[in-house]
Amino acid sequence: MYEPSEEDWQEYEADQYEHESTVAQWQHYEETMAESKRDFLNELVKENHLNVDEDIFKRNLGNKEMAFITRTGIEKIQYNNDIRVRYEVIAMQPDYVVVKGIATKGPHDDINDIVVESFGEATPENTKQKPPYYSAMAEKRALARVVLKMCGAYKHGVYGEDEADDFKRK
């Protein structure tokens, strides 16, 4: 029968300590993220006059609870933060549309403005509306993405309802 040496035990204990330390760090990170996400959402609601019954909802996807901002909530955030959005059509085919949203926020001088870009896309695979309005859906997705990027929502795991059909309120 194998008997571990003193060196083997020390190595095992060091590995165990490292594992427990890593687990503790992840638990602390998850607790901090939950608090900061909650704080972010509370501040977002307060600063943008969002109605928690109409403009924001939570939904479980997989084993994770996620927060979503509705279309009206996105528009309120855009208005309250003076976020200007323009669009460029990247591709427009009968069954495939890509729109680039370019959001600008700042003093309107093109030098000190903050600029964020993102894309919205719509295809038969990711758009379930009947009849399909691909250009409108691509525009909605681009708007939601640039507004939420501009206000820092993604770093807290907050998404727009229009970003995917799976995100719709049930």
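The values are calculated or read from the model by the stated rules, or taken from the named source; none is laboratory data. Keep in mind that this is a model prediction, so the values were computed, not measured. Heads up, the Cβs are rebuilt from the backbone with ideal geometry, glycines too, and the neighbour counts pull from every protein chain shown. Each accessible area value is taken on the protein alone, full model and side chains, heavy atoms only, with ligands, DNA and RNA left out. Shrake-Rupley method; radii C 1.70, N 1.55, O 1.52, S 1.80 Å.
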> What pairs can you find where one residue is in the range 37-51 and among the β-branched types (Val, Ile, Thr), the other is modelled with pLDDT of 90 or more and surrounded by 12 or more Cβ atoms within 10 Å (Cβ to Cβ), and their Cβ atoms are less than 7 Å apart, with a gap of 6+ or different chains?
Replying inline: 45/56
> In the range 124-138, is there at least one residue being touching a residue at least 12 places away in the same chain (Cβ under 8 Å), of a type in the set (S, T, N, Q), out of contact with any Gly (no Cβ under 8 Å at 6 or more places or on another chain) and part of a loop (DSSP other than H, G, I, E, B)?
Replying inline: yes
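Residue check: is residue 75 open to solvent by 40 Å² or more (accessible area, probe 1.4 Å) and within 27 Å of residue 104 (Cβ to Cβ)?
Spelling it out, residue 75 is indeed open to solvent by 40 Å² or more (accessible area, probe 1.4 Å) and within 27 Å of residue 104 (Cβ to Cβ).
Results for (1) within 18 Å of residue 159 (Cα to Cα); (2) of a type in the set (D, E, K, R); (3) touching a helix residue (DSSP H, G or I) at 6+ places or on another chain (Cβ under 8 Å), shown as yes or no for each residue.
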| site | (1), (2), (3) |
| --- | --- |
| 83 | yes, no, yes |
| 87 | no, no, yes |
| 93 | no, no, no |
| 98 | no, no, yes |
| 102 | yes, no, yes |
| 106 | no, no, no |
| 122 | yes, no, yes |
| 126 | yes, no, yes |
| 129 | no, no, yes |
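Would you check if residue 66 is modelled with pLDDT under 80 and closer than 20 Å to residue 158 by Cα?
Details: modelled with pLDDT under 80: no; closer than 20 Å to residue 158 by Cα: yes.
Judged against the criteria, residue 66 is not a match.
Applying the selection to the range 137-165, what residues are aliphatic (A, V, I, L, M) and out of contact with any strand residue (DSSP E or B) (no Cβ under 8 Å at 6 or more places or on another chain)?
Residues of the range 137-165 aliphatic (A, V, I, L, M): 137-138, 142-144, 146-148, 150, 153, 158, 164.
Across the range 137-165, the qualifying residue is only 164.
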>> Which residue is modelled with the lowest pLDDT, if the candidates are limited to the range 16-41 and must be open to solvent by less than 90 Å² (accessible area, probe 1.4 Å) and more than 29 Å from the chain's Cα centre (by Cα)?
In response: 21
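Can you say whether residue 68 is in a helix (DSSP H, G or I) and crowded, with 16+ Cβ neighbours inside 10 Å, as far as the supplied structure shows?
no
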> Across the range 120-134, which residue is farthest from residue 42 (Cα to Cα) among those that are at pLDDT 90 or above and surrounded by 16 or more Cβ atoms within 10 Å (Cβ to Cβ)?
Replying inline: 134
> In the range 85-118, how many residues are under 12 Å from residue 149 (Cβ atoms), without any contact (Cβ under 8 Å) to a residue 40 or more places away in the chain and surrounded by fewer than 16 Cβ atoms within 10 Å (Cβ to Cβ)?
Replying inline: 3
> Taking the range 142-159 as the region of interest, how many residues are open to solvent by less than 40 Å² (accessible area, probe 1.4 Å), without any contact (Cβ under 8 Å) to a residue 60 or more places away in the chain and not basic (Lys, Arg)?
Replying inline: 1
